[in-house]
Structure formats: structure tokens, C-alpha cells
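Each remark here refers to the structure printed beneath this line.
The values are calculated or read from the model by the stated rules, or taken from the named source; none is laboratory data. Just so you know, these numbers come straight off a predicted model, no measurement behind them. Virtual Cβ from ideal backbone geometry, glycine too; neighbours counted across all protein chains shown. The protein model used for the area step is the full one, side chains on, heavy atoms only, and it has no ligands, DNA or RNA in it. Shrake-Rupley method; radii C 1.70, N 1.55, O 1.52, S 1.80 Å.
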Amino acid sequence: MPSVTLLGQAVIAGVLIGGLYGLLAAGLSLSWGLLKYINVSYFALAFLSAYLTYQFGTFNGIAPWWSAVILVPAFFLLGVLQHWTFMRLRVTELTSLVVTFGLAVLIESLIQWIWTADFRKYESGFSGLTSKIGPFFVPTLDFLALVSATILAIATWSWLRWTYVGKALRAAAMDPEMASAFGIDHRRLSFLLSGICSAYAAVAGIFIALIATLAPSEIGTWIGVAFAVVIIGGVGNPLGALLAGILIGFAESVTMAVTQPAWAPLVSFTILIVLLLWKPRWT
Amino acid sequence: MAKYMIRPSRRAVLSSLAAASLVSAGRRVYAAPAPIRVGCTLALTGPLAQTALVHKLAAEIFVADINKHGGLLGRSVEYVLYDDQSRADQTRSLYEKLITVDNVDLIMAPYATAATLAAISVAQRYGKIIIYSSMAQVYLATYDRAFPASHGGPHPEISNPKVILDAWASTPHPPQSIAIAASKFPSALFEAKGVRDLAQKRGIKVAFYLEYDFPSRDMNPIAARFKDANADLVWLGCLGVEANQLIEAMTKIDYKPPRSFYLFPASGPLASAPGGEGATAFSNYEEHPPMDKFKGADVLIPAFHERAKAAGMPYTRVDFQAATEFAAWQMLAAAAQATSSLDDAKMADWLKHHQVETVVGKLRFNEEFNCGDDLSKVKQVQKGKWQVVWPVAFRQPGTTFIAP
């Protein structure tokens, strides 16, 4: 039987990694649900942001919070530019998967070209920071990632739910023609949303740089779980993505703590299949 | 347009033709012999690219050096390299292309087990000799012209764990318990099972034996399990950066195991990791005495430092990956030179009956699966650098095995 300490630590680890899953999946979820683009390139953008954070911190002495000040607006503009290109090229929901996959490969190659395939670790000096609560340890950076993910998810969800712009975006996603008839300029609003999705990737990347060791090929390891998170959380729902991220993180972590760790992906994808069969209202 | 055209005289045309034929005749007489083309693929992209880059540099260093000294059999050597994208299916097609389209004279194996097996199957179809530098499961290479440069003996699942446990048994307080977690990567699992079985035979308590998915995203729960088990020795059957991930995860929960072993870590990141001091790993070569005097080390070490730095690699020291790749090329060259031919059958036959002095030591190939001695060693991070600590004969003078 696993000890209480082990179980508790596994729960903490799972919930915290769930924050990172939620951050990574939020852009894809919003883009898929409201822009009708299945944008796989957000994973590569997140890693580009991570590498830039590493570069700024390691070689230019720029603290990660200053990197955020630079990267979040820069990636917002990148998202706007990406959306403009997609609109010019008349990318559809189906073709977006192929186009953005190609874009992800291009970004991965660019990362490899600049920083090589070798592993990179941003020694920020914060990675060892932890808080002790009873017998349990809470890593500070992982906790900050969860807090950031929660704040961003609630803010984005509230914005979509209660502001005019948010309602307009949701209306346009549900019925573009009817929304246009009510004077909603979906095209203009979609630039804003695309920028936000990329900005999410930038934030996720900053935390990846602080928490993980970087390699270009690591991009692929997050795609499967992020898709599961988006589908479980419901497309176009940032809060759902966060909660689903925490659910998956929790399930995987507890599985790894009490059984063979190799079963962890099996558990998370079983949850996905069960939810797809059950079809609860939020999915 | 016509008014700007110059009409050449008949004399000029004839003299040009005569000059051209003289030049081409001269070329036929004095042209250097065609280079020996050696074909290979490496995982230049994809999840194995970090280590494959090390193999690429080592191979390039060997080729540049042999060409600097007159080439092989009086011919220069040309390295024909393709990117197999870390995919075995791609590797198979590319080796077909190397042999049938590029018509290379010789082939070398790619990096990692799956790709190596794919290349061996093609080599077997065409009767080519193939020397591989990165496959632990030598029993899978049943082709009689496949030769290992990565020497772990014919049964590394028995001999490698013995080296590791012998190393720890030599310390003042040998471990009484061991906790094992291994990546579900064939060579890692294979070694992990060997360690588990040998530990049980020696009466060392196996606290747990776990397998995790490759590549791993999250090592935090595994770190929690290691802490909970509190075994004397943490043994991780890892690849690449997983060792760093585990150390970071253990640091977060304030746990540093008294003893730790990492199977195939990324040498640079682990040596420089804040919690990496004292960590041990598998090796067969590190660039310090006595190994820095082995054949070819004087060429490999300085050139590797230079090229690795130029390639932007953070860790520029020669470790067993670079050394084994270099040794593979030394084997190929030795067989060609000794037989004065590029005939695959002759070269393979020669290797089976002779020993080759290489940068990793003297290799022989006269046992099962063309293997020889197990040259495995245990290395340890000491002041940010790897030092071989076992067997004692390969320790740098003045170095000790730091252990409880």
C-alpha cells in the first residue's frame, strides 16, 4: 500500500502539472472552438517562447518576468500575423490541422537550427524553491504556473461570457451569418482572439523554460495529452481546459504513484474515451 | 541582338577543341582515384538528435583525419550522410538508397537500437559489413557481418549489471536495497531487468521495479516513489534528459538519494545539474588518464572540443558516445587496411579473427554475436565533470569513488 505521504505528494504533483497542461491546451481550445482552426503550432510556439526565455535569461541576464513583458505582447502580434496569413490563404478547419502541423515542424527546425538539438536548461535559481506544508512539498514554480493558469483561464472565461466582445465571438463561432446580421465583425474580433491564443503559448513557454529541460523534440511529447485535455474540457472553453488539465494530471500522477508508471497514459486516455462515450454536457 | 554576336574564326574553334581534348586527356591520366564512399544515416532530427549529433561530429573527425593522412588504401574517404529523423522505417529506406542508388562502397550503422536493427536488415540483404556503435541488445544482431563497437560483451544484461553492482560493492558501505525505475525503451528495460535479477541473487532487497513511458513528461510521481522507498541505491534506466528530470523532481521534494545510478543520461546536462554531484552512470570512455592515451584519443579529443563548441553544444567533452563512434570507424579502417580491400566478406572475416586497437581499448570479435570483452565502466560526476571510478584501473590517478 502506498503511504499517505506518497499519495499526497502525487496528488500535489498531478494538480500542479495540470496547470501547465491547462496553459498549453488553452490556446488550442479557444482557437478550435471559436476560430475553427485546429492550431497545432501553439505547442511549437510555446517551446519557441521557452527557448527565448532561456536565451534572454542565460545569455542576456533578463529575468523571466521581464521576458514575459517582452514575449507576451510579441507572441500576441505573432498570433495576429498568423491569423491574417490563414485568412489570406483561406485555411479551413480541416486544412488548419495540416497547415499548423507544418508550421510546428518549421518552428521545431528553426529552434534546432538556432539552439541545436542538445538539451538546454535555464538555471534561473528558482527551480529548487519549494514550500513545505506538513510532510508535503509544493514546488514554487509549478505552483506559480497553476496560479497563472487559473487566473488566465478565469479571466478569459469571464471575458468570453460577460463582455460584448466575448459574446460576439461566441455568437460568431456558433452562427457566423446570423452574427454578421447583428453587426458583429467577426473578422476583426478573430484577430484579437488569435493574439490571445498565441499569448497563452508564450506564458506556457515561460513556465516550461523555468520548470523543464528543453529539447526541440520535446514539443511532440505534449501534443497527445493537450488534445485529450481540450476534448475533455470542451473546445472553446479555457476554464474547462484548466479543469481537464488538472483531472488528467491528477489521474496520471496518482496512477504513477500507486501502480506501474507506464500505465499513466492509459488511464488518461481511458478517461477521454469514457467521457466521449458518456458525452456529458460540457464536452 | 544579332549585331552583338561575335562569330569565332575556324582557327579559333579548332584550337579550342584541341586544347579541350588535351585537358580532358590529361585528367584521365592524372586524376586522383575516386573517393571511398561510406554511407550512413543519423538521427539529425527527432527525439534522438541530441546524441546523434555527437556521433556525427566523431565520424566527421575520423574522416577528416584519415583524409589528412592520405586517405584509406590511397583513396580519400567521402562521408555520405542522411537524416533518418529518428525513425527506423526511414532508416531502412535510406540504407536501401545508399547501397542501390548512391552505390556507396561501405556502410556504417546509425544511432540507437531500432535504427541500427533496420540498417542491419538492409546490410544483410546486400551482404554488406556493418559496424554499429549504439545497440545494447547485441543478441538481436544475428547477422554474421554485423560488428559492435559498443562493447558490453555478448550478454550485457548479465555483465553490465555486474559491473555496476561490483562498483558499489567495492565501497565502504555497499547498498543493501535498490529501487529501480526504467524507461520503456528496449535497451533500458533490458538492462533494468538484468540489474533487478542480479540484485536479488546477491541478496540486495529490491524495493520496487517500475517501468515508465518513453519519452517521459513528468518525473514528479516517480521521484515521490523513490523518496517513499528510501532505498540505498536509486537506479534509473533513463535516456537523455530523464536523469535531469528525476534529479529536479527529487530536489523539489527535498530528497537526495544516498547513491544513484543513471543508465544513459545526457552527459553534459547531468554533469552540470545542480543536484548531479555524485551521480553515477554507465560509460566505456571518458577523456582523462589513462584513456586519453588510447589510440586515436590525441586526434579525437581536441578536434571534438573544437567542433562541439562550433556546433553550439554546451558540453564539449568526449564521452562514450563520441568515443564509440570513433572506434567504429577505426575498426572499419583497420579491416580495410589489413585486407587491402573493400570486400565486405574479407573485411568481416578479418575482424572475426583479429583484435583492433581503438580509442575505447583493444576490441575483439570472436565470441557470440561477434562480441568480445565487456568494457563497461562506471563514471561519476565529480566537481561538474565525469570521472570513471570503476574498474579501478581506469580511474584517473588521485580520483576516488565518492560513496557513503
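Here are the numbers for this structure:
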{"read-out": "Residue match in the range B:70-83 (condition: in a helix (DSSP H, G or I), of a type outside the set (Asp, Glu) and touching a Phe, Trp or Tyr at 6+ places or on another chain (Cβ under 9 Å))", "value": "no"}
{"read-out": "Filtered residues of the range B:278-305 (kept if without any contact (Cβ under 8 Å) to a residue 24 or more places away in the chain and in contact with a helix residue (DSSP H, G or I) (Cβ under 9 Å, 6 or more places away or on another chain))", "value": "B:Asp292, B:Asp298, B:Ile301"}
{"read-out": "Residue in the range B:317-329 that is farthest from B:His288 (Cα to Cα), counting only those that are assigned to a helix (DSSP H, G or I) and open to solvent by 20 Å² or more (accessible area, probe 1.4 Å)", "value": "B:Gln321"}
{"read-out": "So A:Tyr164, is it among the aromatic types (Phe, Trp, Tyr) and either away from every other protein chain (no Cβ under 13 Å) or loosely packed, with under 15 Cβ neighbours inside 10 Å (or both)", "value": "yes"}
{"read-out": "Only one of B:Asp89, B:Asp102 that is of a type in the set (Asp, Glu), farther than 26 Å from B:Glu191 by Cβ and out of contact with any Ser or Thr (no Cβ under 6 Å at 6 or more places or on another chain)", "value": "B:Asp102"}
{"read-out": "Filter result for A:Phe86 (buried (at least 17 other Cβ atoms within 10 Å of the Cβ), out of contact with any Lys or Arg (no Cβ under 6 Å at 6 or more places or on another chain) and within 14 Å of another protein chain (Cβ to nearest Cβ))", "value": "no"}
{"read-out": "Positions within the range B:137-150 being part of a loop (DSSP other than H, G, I, E, B) and surrounded by fewer than 23 Cβ atoms within 10 Å (Cβ to Cβ), in sequence order", "value": "B:Gln137, B:Thr142, B:Tyr143, B:Asp144, B:Arg145"}
{"read-out": "Residue match in the range A:59-72 (condition: within 26 Å of B:Pro47 (Cα to Cα) and facing chain B (nearest Cβ under 10 Å))", "value": "no"}
{"read-out": "Residue list for the range B:199-218, restricted to those being of a type in the set (Lys, Arg) and either more than 7 Å from chain A (Cβ to nearest Cβ) or buried (at least 22 other Cβ atoms within 10 Å of the Cβ) (or both)", "value": "B:Lys201, B:Arg202, B:Lys205"}
{"read-out": "Filter pass, B:Thr251 being surrounded by fewer than 21 Cβ atoms within 10 Å (Cβ to Cβ), more than 25 Å from the chain's Cα centre (by Cα) and at the interface with chain A (Cβ under 9 Å from one of its Cβ atoms)", "value": "yes"}
{"read-out": "Residue satisfying condition, being among the hydroxyl-bearing types (Ser, Thr, Tyr), assigned to a helix (DSSP H, G or I) and over 30 Å from B:Asp254 (Cβ atoms), within set A:Ser96, A:Ser148", "value": "A:Ser96"}
{"read-out": "Candidate set: the range B:292-319, residues that are more than 21 Å from A:Trp113 (Cα to Cα) and within 14 Å of chain A (Cβ to nearest Cβ); chosen: the one modelled with the lowest pLDDT", "value": "B:Asp319"}
{"read-out": "In the range B:219-239, the residues that are facing chain A (nearest Cβ under 7 Å) and in contact (Cβ under 8 Å) with a residue 12 or more places away in the chain", "value": "B:Asn220, B:Ile222, B:Ala224, B:Arg225"}
{"read-out": "Residue ID - nearest to the other protein chains (Cβ to nearest Cβ), chosen from residues in the range B:50-81 that are open to solvent by 40 Å² or more (accessible area, probe 1.4 Å) and aliphatic (A, V, I, L, M)", "value": "B:Leu81"}
{"read-out": "Some residue of the range A:171-190 being part of a helix (DSSP H, G or I) and within 14 Å of chain B (Cβ to nearest Cβ)", "value": "no"}
{"read-out": "Scan of the range B:285-316 for residues that are basic (Lys, Arg), within 18 Å of the chain's Cα centre (by Cα) and either farther than 16 Å from B:Glu60 by Cα or surrounded by fewer than 15 Cβ atoms within 10 Å (Cβ to Cβ) (or both), ordered by number", "value": "B:Lys295"}
{"read-out": "Any hit, the range B:363-377, residues being within 14 Å of another protein chain (Cβ to nearest Cβ), open to solvent by 30 Å² or more (accessible area, probe 1.4 Å) and not small (Gly, Ala, Ser)", "value": "no"}
{"read-out": "Looking only at the range A:102-139, and only at residues there that are among the β-branched types (Val, Ile, Thr) and more than 8 Å from chain B (Cβ to nearest Cβ), the one that is least open to solvent (accessible area, probe 1.4 Å)", "value": "A:Ile111"}
{"read-out": "Count of residues meeting criterion [among the aliphatic types (A, V, I, L, M) and over 28 Å from B:Ser187 (Cα atoms)] in the range B:105-116", "value": "0"}
